[in-house]
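Below: the structure, in structure tokens.
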Amino acid sequence: MKTVSSYGAELRKQNIPIRQTLDIYRSAVSCLTEIYAQIWDELAAITEPKKRFNTAEHLVHSTKKNQARFDFDLCFPKMPSYLRRAAIQHALGSVSSYKTRLELWKKTNQKGGEPKLVCDNHAMPVFYRDVMYREDTEEKDGAYLKLYDGHDWKWFRVSLRHTDMEYLRKNWAGKRAATPVLEKRHHKYFLRFSYTEEVPLTRTSAKEQIICSVDLGLNTDAVCTIMRSDGTVLGRKFINFLSEKDRMYRVLGRISRFQRKHGSVQVKSRWAYAKRLNTELGRKIAGAVTGYAEENHADVIVFEYLEIKGKISGRKKQKLHLWRKKDIQKRCEHQAHRRGMRISRICAWNTSRLA
């Protein structure tokens with residue numbers, strides 16, 4: 001099975017023109033989106049993706065043998081070719097998605113609001129190796145990025161966070177990373193590296209499989225039971241991160257008191273902190289579940305198919321809203337596949353009573 005993992009290495013604060021590069025790249029994507037929206041009928045007639053992309057590039061980029069129909073090169077001179085092609089690909093995807101959503105909206109008797117084409121999107125540039133991104137051979141935690149300083153595209157040296165690079169060297173040494181993508185989170189910039197692996201999943205017959213059944217809950221984070229196919233229980237573990245949940249509930253209490261006193265307008269940063277604590281709790285639960293299944297040589301991790309629809313009410317309303325059941329299962333699925341284990345989901349009816 002092919003698995004894709006990614007990790008973001010933080011760019012240390014330096015005097016580099018990241019903001020200017022982002023602005024000109026997003027302006028280019030916006031300009032191309034408007035152009036392709038005007039002539040989409042002409043491009044939609046080309047079914048082959050590669051030929052459509054080449055035609056779209058010829059429309060905006062002039063060469064010795066081609067004269068562009070639109071003056072994109074005049075608006076964005078000296079733009080690196082690989083970055084221009086990334087912008088073209090992003091613009092084509094945006095227009096294609098808009099046209100598809102518009103057709104679906106018309107087929108459903110125009111239910112809901114009409115889809116809109118968003119040109120001013122939050123596109124992030126891709127730093128292709130050797131032409132936009134180079135590793136620093138002298139310092140192991142450094143790299144070179146080609147950025148726009150307001151006048152020209154130049155190479156700038158950047159430092160990456162040492163702990164992030166140590167993690168990549170320890171866990172992904174010898175595996176080639178895909179093209180890094182710029183990412184912004186919590187007012188910080190990251191370079192996100194992606195790695196693709198081919199992992200063979202277990203082929204043990206059903207009667208010989210060892211199963212790790214997982215019951216996710218609100219009070220106890222997870223209950224893991226190691227079983228054989230005939231129902232023999234080999235082990236059980238209760239996973240509960242009490243200190244992490246206590247810290248989050250204390251933060252939620254402070255938010256509640258602050259909102260009663262000052263209103264809900266000035267509390268965004270506090271909710272962002274609570275959300276990060278909750279996300280980290282989900283990561284720890286997923287890691288503990290997958291680690292316990294691997295320790296006991298489980299072939300399959302079985303989850304309940306949990307689906308909560310409709311309005312949530314009652315005194316546990318906030319707990320249910322903060323319960324990251326789907327995120328935990330998604331993280332467990334990725335980690336299990338990397339270890340060669342399979343994932344299964346069953347109907348949740350009577351699982352707690354009959355487990």
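The values are calculated or read from the model by the stated rules, or taken from the named source; none is laboratory data. Quick caveat: nothing in here was measured; it's all calculated off a predicted structure. All Cβ positions, even for glycine, are placed from backbone atoms using ideal geometry, and neighbour counts span all protein chains on display. Ligands, DNA and RNA are excluded from the accessible area calculation, which covers all protein heavy atoms including side chains. Shrake-Rupley method; radii C 1.70, N 1.55, O 1.52, S 1.80 Å.
Checking the structure you have, find out if any residue of the stretch 71-94 is outside any helix (DSSP H, G or I), of a type outside the set (A, V, I, L, M, F, W, C) and in contact with a helix residue (DSSP H, G or I) (Cβ under 6 Å, 6 or more places away or on another chain). Break it down into steps so the answer makes sense when it comes.
Step one: of the stretch 71-94, the residues outside any helix (DSSP H, G or I) are 71, 76-80.
Imposing the further condition that a residue be of a type outside the set (A, V, I, L, M, F, W, C) reduces the set to 71, 77-78, 80.
Now restrict to residues that are in contact with a helix residue (DSSP H, G or I) (Cβ under 6 Å, 6 or more places away or on another chain): none.
No, there is no match, as no residue in the stretch 71-94 is outside any helix (DSSP H, G or I), of a type outside the set (A, V, I, L, M, F, W, C) and in contact with a helix residue (DSSP H, G or I) (Cβ under 6 Å, 6 or more places away or on another chain).
Has the stretch 284-291 got any residue that is in contact (Cβ under 8 Å) with a residue 24 or more places away in the chain and open to solvent by 70 Å² or more (accessible area, probe 1.4 Å)? Yes: one or more hits. Cβ-Cβ distances below 6 Å connect the following pairs, each with a first residue in the stretch 227-239 that is among the hydroxyl-bearing types (Ser, Thr, Tyr), a second residue that is surrounded by 11 or more Cβ atoms within 10 Å (Cβ to Cβ), and a separation of six or more residues or different chains: 229/209. Restricting 321, 334 to those that are in contact with a strand residue (DSSP E or B) (Cβ under 8 Å, 6 or more places away or on another chain) and not acidic (Asp, Glu) reduces the list to 334.
Remark: pairs (first residue in the stretch 319-343, assigned to a loop (DSSP other than H, G, I, E, B); second residue open to solvent by 70 Å² or more (accessible area, probe 1.4 Å); Cβ separation under 6 Å; 6+ apart in sequence or on different chains) = 339/294.
For residue 198, the criteria (1) closer than 22 Å to residue 297 by Cα; (2) in contact (Cβ under 8 Å) with a residue 24 or more places away in the chain; (3) surrounded by 14 or more Cβ atoms within 10 Å (Cβ to Cβ) hold in every case but one, which is (3). Do we have residue 41 as in a helix (DSSP H, G or I), within 20 Å of residue 147 (Cβ to Cβ), without any contact (Cβ under 8 Å) to a residue 24 or more places away in the chain and open to solvent by 50 Å² or more (accessible area, probe 1.4 Å) here? It is false that residue 41 is in a helix (DSSP H, G or I), within 20 Å of residue 147 (Cβ to Cβ), without any contact (Cβ under 8 Å) to a residue 24 or more places away in the chain and open to solvent by 50 Å² or more (accessible area, probe 1.4 Å).
Does residue 189 satisfy being open to solvent by 30 Å² or more (accessible area, probe 1.4 Å), in contact with a helix residue (DSSP H, G or I) (Cβ under 9 Å, 6 or more places away or on another chain) and closer than 30 Å to residue 9 by Cα? So residue 189 passes the test. Can you find a residue that is in contact with a strand residue (DSSP E or B) (Cβ under 7 Å, 6 or more places away or on another chain) and within 20 Å of residue 48 (Cα to Cα) anywhere in the stretch 99-108? Within the stretch 99-108, not a single residue is in contact with a strand residue (DSSP E or B) (Cβ under 7 Å, 6 or more places away or on another chain) and within 20 Å of residue 48 (Cα to Cα).
Of the residues in the stretch 14-26, none is open to solvent by 30 Å² or more (accessible area, probe 1.4 Å), assigned to a helix (DSSP H, G or I) and hydroxyl-bearing (Ser, Thr, Tyr). Only one of the listed residues (139, 166) is in a loop (DSSP other than H, G, I, E, B), surrounded by fewer than 17 Cβ atoms within 10 Å (Cβ to Cβ) and more than 19 Å from the chain's Cα centre (by Cα). That residue is 139.
Counting only residues that are touching a helix residue (DSSP H, G or I) at 6+ places or on another chain (Cβ under 6 Å), of a type in the set (A, V, I, L, M) and open to solvent by less than 30 Å² (accessible area, probe 1.4 Å), the stretch 292-311 holds 1 of them. For the stretch 45-94, which positions are touching a residue at least 40 places away in the same chain (Cβ under 8 Å) and open to solvent by 50 Å² or more (accessible area, probe 1.4 Å)? 52, 75, 78, 82, 90, listed by residue number.
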